[in-house]
Structure formats: C-alpha cells, structure tokens
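Structure, as structure tokens:
The values are calculated or read from the model by the stated rules, or taken from the named source; none is laboratory data. As the structure is a prediction and not an experimental result, all values here were calculated from the model. Using ideal geometry, Cβ is built from the backbone for each residue, glycine included, and neighbour counts are taken over all protein chains shown. Quick note on the areas: whole protein, heavy atoms, side chains included, nothing else; ligands and nucleic acids left out. Shrake-Rupley method; radii C 1.70, N 1.55, O 1.52, S 1.80 Å.
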Amino acid sequence: MSNTRDRQLDGLRTFAVAMVLYAHFVAADGNFWGHLGVRLFFVISGFLITRLLLDARSAVQYEPSAALKSFYIRRALRIFPPYFAMLGFVWFVNLEGARGSLKWHALYLSNYWYAIRDQWTPWVLCHTWSLSIEEQFYIVWPLVMLLAPRRMIERICVAVIVCSIAYRLCWPLTGTPSLMRDLLPSASMDALAAGALLAAYRGRTDAWPQWMRLSWMPLTVAAVITLWLRSEPTTPLLDWTVWIGSEVFPLVPLVMLVGCCSSGLGGPIGRLLELPPIMTIGRISYGIYLFHPIVLSLIVKAQPWIPVNVSEQGPARFVIGSTATLILASISWAFFEKPLNSLKRYFPYVVSKNHVPAPSSATVGGPDLQSPISMRAE
C-alpha cells in the first residue's frame, strides 16, 4: 500500500509535527504554528480514515459490522499502546504533578479537563487535547460513514463544517474567551470533516471546484496575516475576528495541500516530500507528537548536566529536544509500535472467503496507510 500518494502524506506529516516542535521548543509566541500543525493533522486524519471507510463500503463483500469491528480494533492497535505507555510513565514518576488528572487523560477527556479548568495544568499532557478530540470524533464518525446513505455523505460533511464555523461565530455572545473556545470538539470538527469531505469528493472526481482554485491563494495570504496578528495585542473584537480568521482561512489551503499530495505532487515539492528522511519522520510522527512534552520536561530537569540552555525556548532547546524526541520515537516505533501495528493485517475491513493475512513486512505503520498518526489517523 506504499504508493506515491501515501509517501507524500507521510512527508506532509513531517512538516505538521515540525510546526508543533517549533512552537513548543523555539517560538516564545509561536503556539499558533503548533495549532496550525495540529489542524493539518486533523485534515490528514479525516481524509485517510474516511477514504478507508468509503473504500470498504464500496467493496462487493462489504459488511458494516465486520468493517466497524476492524476499524476499532485497528485503531486500538495503533493508538492505544504508545499512548497508555506514555501515561503509565507519567503516572509512575508523577511527572510535573500530573498523576492526579490521569483518569481524564486515560478516558480521552483531556480537552474537557483543560477547558473546564481554563488552564494548561499539568502542561506535560496538554498536547493530549487533540488526541482526545480525534478519539471522540471517531466514536461516531465510522458509524456515519458506513451506515448513512452514500449520497448523503458529502452533505453530512458540509453540515458538520458549517456547524463548527457557526460555533465560532457565537463566541462573542459568551463573554471573555477561554480555553473552552478552542478545546471543545466542535472547535475542531471543521478540519476533520473537511478532510472527510475531500475523501468523499475524490470518490467522484479529481478536479477541484472552480471556487477553490480561485480562492486558495487569497485565503493563504489572509491566513498568514491573521496568524501573524494572532500574536499581537488587540482589542477584544479584533482578537475575536483574528481568531476566527486564523482558524477558518487556512482550511481550504490545507485541504488542497492534502488533496494534491494524495494524488502525488510533481516538481521539487513532491520530491522533497518523498525524501527518505522526510518520509521516515512522518511515519513516526505519532510518537514524536506523543513524547515531545515528556522529553521537554526531562531535559529541563537535566539542565545542570546539559552544557547549553534548554530551560528556555530557543535553538538549543529545539536541537536537544528534537533529537532526543526523534531517538525515543524511533525506538518506540521499531521495537514497540511496529510489531503491534503488524497485527492489523489480521483485521481487514473487508474479509473475502479466501482471505490470507498479508505478511508483516507490508505494514508501514500509522493512520491506516498503514503509517502513523496524524498524530495519528489509524
């Protein structure tokens, strides 16, 4: 299953997780870049999972119950082992005093934990908000994709996107912005559903609608401007406007980027995405995303033994933190995640009477390519 489009999506994940590392290791006011990286992960995840589900339901031997069973088992094999290993380590050493909130994270309710408290405490698990949103989304989404009438799939995706945007538009009526504005599932459904809509649309045609071809460049410029303004102090009204723009304007460019990579980009960008080191980092991007705050906490504690300054954001923290994270994620992938991921071959979405499990070497790993998460996809 490792074709050109899959390789380029692996490469795209590398740049998504790089934005997250940049935000957390380098940029003092760069969290918007990390958030943009997460939004890209959401689009990729929504696209890949929906493509797989729609491919399954179009097969001659498709059975909804078998496909659903395989979906959840395959997700569990890919997502749960490293996630709960990470939580187990945090619990064992009580890293950053996180032990008291672990039940929320273990139940994939991290986004609600931080939203209700309106503060990033414990910070070492703050990245799990996005993993929680994905798991909440995929409790329901496979049921919709496999059981809803095929002609309604695209309309359902559009409805979810519209509701998510409407959720943002109502925020001025709620008073002072809080973390709840960003962390409730409705704040991210547009990105996930946009990826899903791309998968459903691509089932009919590879041609982009004219309005997308005409609007992606102006929307990209508008997104860059709003992302830059997001770090500047503003009035409450302007802050709300900039926040909405930085969330909504990048959506079409991100969808088109994922769509182009799924078809196989040519030229220097396509070759860059298919460079072996870029693809390799993309394959282990779930582990990179999962472990990087743990690594950050540990290297800060080890500052007396590190000759460069890792206690503050900057180039030294980025080099040391990223290197340590890459090493840990690579070990996790090679000796823990990949062997478990190979078991997915026993749970195909569609089972033929003569089905024989594919050899384990066919498994690459992750968001059900079989390669890793989007932060995850399957």
Problem - Long-range neighbours under 8 Å by Cβ, at least six apart or interchain, first residue at positive phi within region 298-315, second of a type in the set (A, V, I, L, M, F, W, C) and part of a loop (DSSP other than H, G, I, E, B) - result: GLY314/VAL26
Practice task
Working only within region 187-208, note down all residues that are open to solvent by 40 Å² or more (accessible area, probe 1.4 Å) and either among the small types (Gly, Ala, Ser) or on the phi > 0 side of the Ramachandran plot (or both).
Solution key: GLY203, ALA207
Practice task
Sort out which residues of region 209-232 are among the aliphatic types (A, V, I, L, M) and open to solvent by 80 Å² or more (accessible area, probe 1.4 Å), and write them in order of number.
Solution key: LEU214, MET217, VAL224, ILE225
Problem - Counted residues, region 101-118 - those being free of Cβ contacts under 8 Å to residues at least 40 places away in the same chain and under 21 Å from the mean Cα position of the chain (by Cα) - result: 8
Handout entry: Any pair with Cβ under 7 angstrom, 6 or more apart, that starts in region 13-37 at a residue that is on the phi > 0 side of the Ramachandran plot and ends at one that is open to solvent by less than 40 Å² (accessible area, probe 1.4 Å) and at pLDDT 90 or above
Key = none
Handout entry: Filter result for PHE41 (touching a helix residue (DSSP H, G or I) at 6+ places or on another chain (Cβ under 8 Å), open to solvent by less than 10 Å² (accessible area, probe 1.4 Å) and either in a loop (DSSP other than H, G, I, E, B) or under 20 Å from GLY203 (Cα atoms) (or both))
Key = no
Problem - Filter result (part of a loop (DSSP other than H, G, I, E, B) and either under 25 Å from GLU337 (Cβ atoms) or of a type in the set (S, T, N, Q) (or both)) within region 243-302 - result: GLU274, LEU275, ILE284
Practice task
Give the number of residues within region 320-341 that are open to solvent by 40 Å² or more (accessible area, probe 1.4 Å), hydroxyl-bearing (Ser, Thr, Tyr) and farther than 14 Å from ARG283 by Cα.
Solution key: 1
Practice task
Specify which of the listed residues (SER263, SER246, SER285) is open to solvent by 30 Å² or more (accessible area, probe 1.4 Å), touching a residue at least 12 places away in the same chain (Cβ under 8 Å) and among the polar types (S, T, N, Q).
Solution key: SER263
Exercise for the section: Confirm whether TRP33 is part of a helix (DSSP H, G or I) and modelled with pLDDT of 95 or more. Expected result: no
Practice task
Output yes when any residue across region 21-30 is closer than 22 Å to ASP190 by Cα, under 14 Å from the mean Cα position of the chain (by Cα) and part of a helix (DSSP H, G or I), and no when none is.
Solution key: no
Exercise for the section: Give region 66-97 a look and list any residue that's open to solvent by 30 Å² or more (accessible area, probe 1.4 Å) and more than 28 Å from TYR349 (Cβ to Cβ), or say none. Expected result: GLY88, PHE89, TRP91, PHE92, VAL93, ASN94, GLU96, GLY97
Fill in the blank from the handout: Exactly one of TYR114, TYR108, TYR138 is open to solvent by less than 30 Å² (accessible area, probe 1.4 Å), at pLDDT 95 or above, farther than 15 Å from LEU290 by Cβ and not polar (S, T, N, Q), and that residue is TYR114
Fill in the blank from the handout: Note on TYR62: of the conditions (1) outside any loop (DSSP other than H, G, I, E, B); (2) touching a residue at least 40 places away in the same chain (Cβ under 8 Å), unmet is (1)
Handout entry: Of all residues making up region 316-352, the number that are under 25 Å from THR50 (Cα atoms) and either touching a residue at least 24 places away in the same chain (Cβ under 8 Å) or of a type in the set (A, V, I, L, M) (or both)
Key = 13
